[in-house]
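The values are calculated or read from the model by the stated rules, or taken from the named source; none is laboratory data. Here the structure is a predicted model, which is why all the values come from computation and not from measurement. Neighbour counts are summed over all protein chains in view; Cβ atoms, including those assigned to glycine, are modelled from backbone coordinates with ideal geometry.
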Amino acid sequence: MVDYVCEKPSDLAAIEDMLDKAFGPGRFAKTAYRLREAVAPVSRLSLVAWEDGVMRGSLRFWPIEIGDDNVAALLLGPLAVDPAHRGRGIAIGMMEIALARAAEDGHRIVVLVGDEPYYARLGFSAAMARRLRMPGPVDQARLLARELAPGALQDVAGLIHQPLRTPEFSAAG
Ligand SMILES: CC(C)(COP(=O)(O)OP(=O)(O)OC[C@H]1O[C@@H](n2cnc3c(N)ncnc32)[C@H](O)[C@@H]1OP(=O)(O)O)[C@@H](O)C(=O)NCCC(=O)NCCS
């Protein structure tokens with residue numbers, strides 16, 4: 001049975017190892033990492049999947065803001081599952097739990113960079129993100145967004161940036 005629990009500081013080495021294996025050492029050059037630098041993940045939403053005492057997957061979320069109005073949102077990712085355990089629903093399982101919790105906690109918008117055919121099943125689309133921009137090179141077709149509160153993205157546009165204020169929901173530390 002796979003257990004989905006919040007990541008702990010003692011999980012960090014195993015998470016980094018899993019991400020290195022999934023994305024390679026070049027992962028830090030990705031534009032999304034500019035939004036993560038020196039910012040703590042949202043601990044209530046950042047999950048690890050455990051089975052038989054072994055980490056099978058990791059999902060993290062980061063606080064971001066959008067546009068000149070600094071609209072609060074979440075950046076989903078990175079998301080990775082042990083190659084030997086892919087196709088078992090572990091990634092979907094982590095995302096369903098985290099997204100439901102995010103909505104309960106009052107988060108309204110989630111943004112990510114990824115394949116639309118995969119994330120569409122969780123309600124993400126490039127159309128929802130069409131007025132958003134990442135702070136660096138990203139294929140706009142892979143910039144996806146989802147509203148957790150209906151209408152949350154209405155009138156929201158502009159550059160995605162690091163949070164200017166202390167994130168209300170980030171309980172890291
Ligand atoms: C993407 C990843 C996290 C999925 O993990 P997983 O636990 O195997 O995913 P799930 O079991 O929940 O879902 C698997 C389903 O998604 C599909 N899928 C996986 N990647 C996909 C993609 N890029 N595009 C479309 N469908 C995809 C699988 O074909 C499978 O479909 P099925 O349910 O119809 O059989 C995993 O493949 C991984 O770690 N990849 C390397 C890192 C990565 O690319 N992360 C995402 C970056 S945006």
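Considering only the stretch 117-132, how many residues are at negative phi and surrounded by fewer than 16 Cβ atoms within 10 Å (Cβ to Cβ)?
Number of matching residues: 8.
Can you list residue pairs whose Cβ atoms sit under 6 Å apart, with the first residue in the stretch 97-114 being in contact (Cβ under 8 Å) with a residue 60 or more places away in the chain and the second being among the β-branched types (Val, Ile, Thr) and in a loop (DSSP other than H, G, I, E, B)? Count only pairs 6 or more apart in sequence or on different chains.
Correct list of pairs: 113/138.
How about the stretch 48-97: which of its residues are in contact with a Ser or Thr (Cβ under 7 Å, 6 or more places away or on another chain) and more than 10 Å from the ligand (Cβ to nearest atom)?
48, 60, 61, 63
Are there any pairs, at least 6 apart or on different chains, whose C-beta atoms fall under 9 Å, with the first in the stretch 65-80 and under 30 Å from residue 18 (Cα atoms) and of a type in the set (Val, Ile, Thr) and the second away from the ligand (no atom under 16 Å from the Cβ) and outside any strand (DSSP E or B), and if so, which?
From residues that are under 30 Å from residue 18 (Cα atoms) and of a type in the set (Val, Ile, Thr), the pairs are 66/153; 66/156; 66/157.
Restricting to the stretch 104-129, count the residues that are more than 15 Å from the chain's Cα centre (by Cα) and near the ligand (Cβ under 10 Å from one of its atoms). So that I can check it myself, show each step before the final result.
Here is the first cut: in the stretch 104-129, the residues more than 15 Å from the chain's Cα centre (by Cα) are 104-106, 117, 121, 126-128.
This time we only want the ones that are near the ligand (Cβ under 10 Å from one of its atoms), so: 117, 121.
Residues in the stretch 104-129 being more than 15 Å from the chain's Cα centre (by Cα) and near the ligand (Cβ under 10 Å from one of its atoms): 2 in total.
When residue 101 is evaluated against the numbered criteria (1) within 14 Å of the ligand (Cβ to nearest atom); (2) surrounded by fewer than 18 Cβ atoms within 10 Å (Cβ to Cβ); (3) outside any loop (DSSP other than H, G, I, E, B), which criterion, by number, is the only one it fails?
Of (1) within 14 Å of the ligand (Cβ to nearest atom); (2) surrounded by fewer than 18 Cβ atoms within 10 Å (Cβ to Cβ); (3) outside any loop (DSSP other than H, G, I, E, B), only one is false for residue 101: (1).
Report yes if some residue within the stretch 38-58 is within 16 Å of residue 114 (Cα to Cα) and either crowded, with 17+ Cβ neighbours inside 10 Å or at pLDDT below 95 (or both); otherwise report no.
Taking the stretch 38-58 as the starting set, the residues that turn out to be within 16 Å of residue 114 (Cα to Cα) are 58.
Retained after the next criterion (residues that are either crowded, with 17+ Cβ neighbours inside 10 Å or at pLDDT below 95 (or both)): 58.
The answer is yes, given that some residue of the stretch 38-58 is within 16 Å of residue 114 (Cα to Cα) and either crowded, with 17+ Cβ neighbours inside 10 Å or at pLDDT below 95 (or both).
Which pairs have Cβ atoms under 6 Å, sit 6 or more apart or on different chains, and link a residue in the stretch 37-64 that is under 15 Å from residue 8 (Cβ atoms) to one that is acidic (Asp, Glu)?
Final answer for the pair search is 46/7; 48/7; 48/11; 50/3.
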